[in-house]
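Single-structure report; data block below.
Rule-based calculations on the coordinates, nothing more; no lab input. The shown structure was predicted, so the numbers you read here are calculated from the model rather than taken from an experiment. Here Cβ is always computed from backbone atoms with ideal geometry, including for glycine, and neighbour counts include all displayed protein chains.
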Amino acid sequence: MPCLQAKDNPVKLRQVYVFIPNDGRKVAESTPVDERSESRRTKLACITHVLKQPQPAYPDDARRIDAQGPVIVNLRFTQPDAPPDVRVLASAHNTLRREVQAHSTGLRLPCLDGDEISLNRIYQFQIIGGERTVLKDTKLTQLLSSARNLATPVYFDFGTMSCPFDVRMTYTQPYLSNAVGELETSLPARRPFLDWLSRLTLNLDEKTNLRIIGQQMNISVPCGTLDL
């Protein structure tokens, strides 16, 4: 952990490795779980704005030219009474970017006590009746055929995951990991597969990809195996 400094508190992570008994080379691993996540959520719950503006305004200049779409930012708080360091990860338009950056300077995290905290936010600017590109529910096979740069090698036996089952993905790649959750039932055996889906990126140009950032779709997972 090259970012860990001597003055920081110890960081404890929990990680699970699952070795698949095929050719001995493929390993599925879960996302590490930060054991301080509950404390982090409590601190983030007290985030506030000096001007009592929970959201940035929709710039008039942007509305006049029908500019819409997401702005994705990383906010790093280092002091409870100071603005965060703002890093824009992606933006649909420069006018929207500037509005989010200006609004972010008014954010404060008064519960911060010691360690810095970093979080990602997606601001969606949408014009009523404006053009939309919408994600649709799909089957796993169709999703994989529309993806690019899949992380391989992987092997998943869905028979060990109480198949068939459905998951819901909030798409944010390639800027952030996709959020993937199980529908109706939850099994620990599915965790490596969900982590793998969190890194999936659709084969789209940048402009089209930005249009669907933050949208959700349900994915139907059949019985069988996935061996790539």
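Once a ≥ b ≥ c are taken as the square roots of the eigenvalues of the Cα gyration tensor of the stretch 133-227, is the result rounded (a/c under 1.5), prolate (a/b larger than b/c) or oblate (a/b not larger than b/c)?
Cα axes put the stretch 133-227 in the prolate bin.
What do you get for the angle between helix 94-104 and the principal long axis of the chain? Use alpha-carbon atoms, 0 to 90 degrees, nearest ten.
On a 0 to 90 degree scale, this one is about 80.
Label the stretch 92-149 by shape, choosing from rounded, prolate and oblate, from the square roots a ≥ b ≥ c of the eigenvalues of the Cα gyration tensor; if a/c is under 1.5 it is rounded, and otherwise prolate applies when a/b is larger than b/c, oblate when it is not.
Oblate shape, in that a/c is at least 1.5 and b/c is the bigger or equal ratio.
Can you compute the modelled spin-label distance between Asn9 and Gln101, with each label point 7 Å from Cα toward Cβ, in nm?
Label-label distance for Asn9 and Gln101, simple model: 3.4 nm.
For the residue pair Asp205 and Thr48, what label-to-label distance in nm results when each label sits 7 Å from Cα along the Cα-to-beta-carbon direction?
Reported label-point gap for Asp205 and Thr48 is 4.7 nm.
Name the residues of the stretch 146-162 whose amide N is less than 17 Å from a point 7 angstrom out from the Cα of Glu131 along the C-beta direction?
none
Please identify the GluC sites (Glu not before Pro) of the stretch 170-207 that satisfy two criteria: DSSP loop assignment and at most 13 other Cβ atoms within 10 Å. Which are they?
Glu184
Could you pull the Cα extents of the stretch 53-148 along its three principal axes, largest to smallest, in whole Å?
For the stretch 53-148, the Cα extents along the three principal axes come out at 47, 37, 19 Å.
Let me check I've understood the local charge: for Ile127, count other residues with C-beta under 9 angstrom from its C-beta, Lys and Arg +1, Asp and Glu -1. What total comes out?
Summing Lys/Arg as +1 and Asp/Glu as -1 gives -1.
Where the eigenvalues come from the Cα gyration tensor of the stretch 161-204, what are the semi-axes √(5λ) of the equivalent ellipsoid, largest first, in whole Å?
They are 21, 10, 9 Å, listed from largest to smallest.
May I have the count of lysine pairs in the chain with C-alpha atoms under 28 Å apart, counting pairs 8 or more residues apart or located on different chains?
Lysine pairs satisfying the spacing and distance rule in the chain number 7.
Within the set of other residues whose C-beta is less than 10 Å from the C-beta of Asn74, count the net charge using Lys and Arg as +1 and Asp and Glu as -1.
+2
Using helices alone, I'd like the mean residue ellipticity at 222 nm for the chain: each DSSP H run of four-plus residues gives -39500 (n - 2.57), total over residue count, nearest 500.
Calculated from helices alone, the mean residue ellipticity at 222 nm is -5000 deg cm²/dmol.
What is the pair-distance distribution P(r) of the chain, computed from all Cα-Cα distances in 5 Å bins starting at 0, with each bin given as a whole percent?
Reading the bins upward from 0: 1, 6, 12, 14, 15, 15, 14, 12, 8, 4, 1, 0.
Specify which residue in the list Thr78, Gln55, Val154 is farthest towards the positive end of the charge dipole of the chain, using unit charges on the beta carbon of Lys, Arg (+1) and Asp, Glu (-1), about the Cα centre.
In the chain, that residue is Gln55.
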